[in-house]
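Q: Below you will find the structure I want to go over with you.
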Amino acid sequence: MAKTVTPDAISTILSNPSPDSSSDLPQIVVQVLDLKLTGNRYMFNASDGKMNVRAILPSNLSSEVISGNIQNKGLIRIMDYALNEIPTKSEKYLIVTKCEVVSPALEMEIKAEVKSEEAGIVLKPKQENPNKSEGPGFVFKTKQDMVAKSAAQIVHEQRNMAPAARMAMTRRVHPLVSLNPYQGNWTIKVRVTSKGNMRTYKNARGEGCVFNVELTDEDGTQIQATMFNEAAKKFYERFQLGKVYYISKGTLRVANKQFKTVQNDYEMNLNENSEVEEASNEVPFIPETKFNFVHIDELGPYVNGTELVDIIGVVQNVSPTMSIRRKSNNEMVPKRDITVADDTKKTVVVSLWNELATGVGQELLDNAENSPIVAIKSLKVGDFQGISLSTLGRSTVLINPDVPEAKKLRSWYESEGKGTSMASIGSGLSPIAKGGVRSMYSDRVSLSHITSNPSLGEEKVIQHQYLLAFISLIKPDQTMWYRACKTCNKKVTDGMGSGYWCEGCQKNDDECSLRYIMVVRVCDGSGEAWISLFNNEAEMIVGCCADELDKLKSKEGEENLFQLKLKEATWAPHLFRVSVTQNEYNNEKRQRITVRGVAPVDFAAESKFLLEEISKKV
């Protein structure tokens, strides 16, 4: 059976630039001509043999061109579209939002003179398979089959829907992939898959508030919508996580790559005149929250970057809630740390803030003995303690989610992971650079590189350096620790009457803990330097916590166990991840080298590194 183009297909499109429903469309089959890549999208001329119009394939259909399913001079059936006028262009553009392949490339371009019967204009393709399309995901159906199915589906849905829902079916709903900044009127049907907290800001134009949501349509396309001031106050309570809405009268602009959280070229702005209406009985048709999980041992390339990550893991530990004073406005905000592990046998600390700390965090604490699985979306990757994660206002936390990755992780944990020794990704500091991330082997420097470069550390963005060095001296007479609050780890002072007062928690406790803050001298083949250590890194070097070392110091005897412990820690090699900053002392600038991560030397990896260095010099 030969494939045809639809006579006067382009005229049909031009006369109906915004069809009410894709199910009501007549069969529109066009030929693809002059197919080429423009920017990150494919453009072509849609031709019916007599007329043609410039057409655009959205980015989600680019894979069909790359795989060869949609070909130049081939035929496609347009199942949904939008015809847009671009102010800077004199012509109209057809945005094909849904299509299916009818035929691969024909031998020649179809011309109006080559006519057959009333059915249309016919040319035989090089290859034809009337029952099956060439591309995955495209199924060729006859027009009669599609009309019958659509009608049956509509009758069934209308019988079971409330009047308001039946009215919704008459709307012209645009897929998110079809939207662009040049469109005027559009309506979308989306599910709220992520909702951020209301935030306040202050700039030269005054104060205000803002919040954003992530929206997903039934095709799985996502977009971020932002609301400021009056619009934020109007829609904050209306938007509820997981519910479905019709949205119209918004505007689009090119997304700021630094702040965007979804894969979309555009972002949406809603103002106080935008329309947001909840859609009833339509939740099952919209996808749930989508995750793009990153394994814990692959977090390195994301450290201090702008890209957010999603993770899934088994909860190993949940801390009590602590209060942290925000530097920007001196406000106290709740924080809770959880430690999660995955099947890479690595752990990472995730800091939950605000409502997530007090709500979901408390639920995790109550259920900690059952080792729940958490899936967390939109996490910021920082370098605290090597690598750490932190939630943002838009982050979403799901406990024991119903996703395949959770079932796989639970199976691994019950059969193997529960009895496996886990290592922190921060302290492990992978010796191999993955995905372009800097590592302590491929990007190692010597101590002299730091000490002989007085301008190092003046940059606004802190750069990290990687060293292999030996501890040569730990002064025993220095102040090695401070008294810390057991809840928030901040410094405490003597309380009124008795106990210890924590300014951060605003409370008096009977007990406190000791936490390291010390300096040590390190050396390598190029020189030596003094470096600062904080609690976690110092514990790894000394081999015990500050409370234990304090007990050794207070013991009396012929053998000084305190100094012996410090001596044992010297002349051992370590791999260091350090930051360099400039401090001013007596009107003189000095470098301060601070250890951000420490790991024992992997001698097998070290030998491999040295052999590679030698081979470069031969």
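Q: What is the percent carbon and sulfur in the accessible area of the stretch 296-424, measuring with a 1.4 Å probe over the protein chains and ignoring ligands?
A: Percent of accessible area from carbon and sulfur atoms in the stretch 296-424: 47.
Q: Give the residues of the stretch 292-335 whose amide nitrogen is closer than 14 Å to a point set 7 Å from the Cα of Asn197 in the direction of its Cβ.
A: Residues 322-335 qualify, since their backbone N sits under 14 Å from the label point.
Q: Separate question: Per residue, how much accessible area does the stretch 176-278 show when a 1.4 Å probe rolls over the protein heavy atoms, in square angstrom?
A: 49 Å²
Q: So how exposed is Lys608, as accessible area in Å² (1.4 Å probe, rounded to 10)?
A: Here the residue's solvent-accessible area equals roughly 120 Å².
Q: Same structure again: What whole-number value in Å² describes the accessible area per residue of the stretch 296-424 for a 1.4 Å probe?
A: Dividing the accessible area of the stretch 296-424 by its residue count gives 46 Å².
Q: Please report, as a whole percent, how much of the solvent-accessible surface of the stretch 176-278 comes from carbon and sulfur atoms (probe radius 1.4 Å).
A: In the stretch 176-278, the share of accessible area belonging to carbon and sulfur is 43 percent.
Q: Any idea what Rg and Dmax come out to for the stretch 176-278 if you just take the C-alpha atoms, in Å?
A: 13.0, 41
Q: Please give the solvent-accessible surface of Trp186 in Å², to the nearest 10, using a probe radius of 1.4 Å with every protein chain present.
A: The value for Trp186 is about 10 Å².
Q: Still on this model: With Cβ to Cβ distances under 13 Å as the rule, what net charge do the other residues near Trp530 carry (K, R +1; D, E -1)?
A: +3
Q: Using the Karplus curve 6.51 cos²θ - 1.76 cosθ + 1.60 with θ = phi - 60°, what ³J(HN,Hα) values do you get for each residue of the stretch 196-213, in whole Hz, with x for Gly and Pro?
A: The phi angles translate into x, 7, 6, 10, 9, 9, 9, 9, 5, 8, x, 9, x, 9, 7, 8, 9, 10 Hz.
Q: Right, next: If you roll a 1.4 Å probe over the heavy atoms of the protein chains, what accessible area per residue do you get for the stretch 9-103, in Å²?
A: Working: 3860 Å² over 95 residues.
Here the residues of the stretch 9-103 average 41 Å² of exposed surface.
Q: By how many nm would the segment from Leu33 to Cys544 lengthen if fully extended, with 0.36 nm per residue of separation less the alpha-carbon distance?
A: So the extension gain works out to 176.7 nm.
Q: Evaluate the distance, in nm, between pseudo-label points positioned 7 Å from the Cα of Lys475 and of Leu552 along their respective Cα→Cβ axes.
A: Placing both labels 7 Å along Cα→Cβ, they lie 2.0 nm apart.
Q: What's the FRET efficiency of Ile66 with Asn292 using the Cβ-Cβ distance as r and R₀ = 25 Å, to the nearest 0.05?
A: The formula returns an efficiency of 0.75 here.
Q: What accessible area, in Å² to the nearest ten, does a 1.4 Å probe give for Arg54?
A: Taking all protein chains as shown, Arg54 has close to 40 Å².
The values are calculated or read from the model by the stated rules, or taken from the named source; none is laboratory data. Note that the structure is a prediction, hence the values are computed from the model and not measured. Please note: Cβ atoms are built from the backbone with ideal geometry, for glycine as well, and neighbour counts cover all protein chains shown. When the accessible area is computed, the model is the full protein with side chains, heavy atoms only, and any ligands, DNA or RNA have been set aside. Shrake-Rupley method; radii C 1.70, N 1.55, O 1.52, S 1.80 Å.
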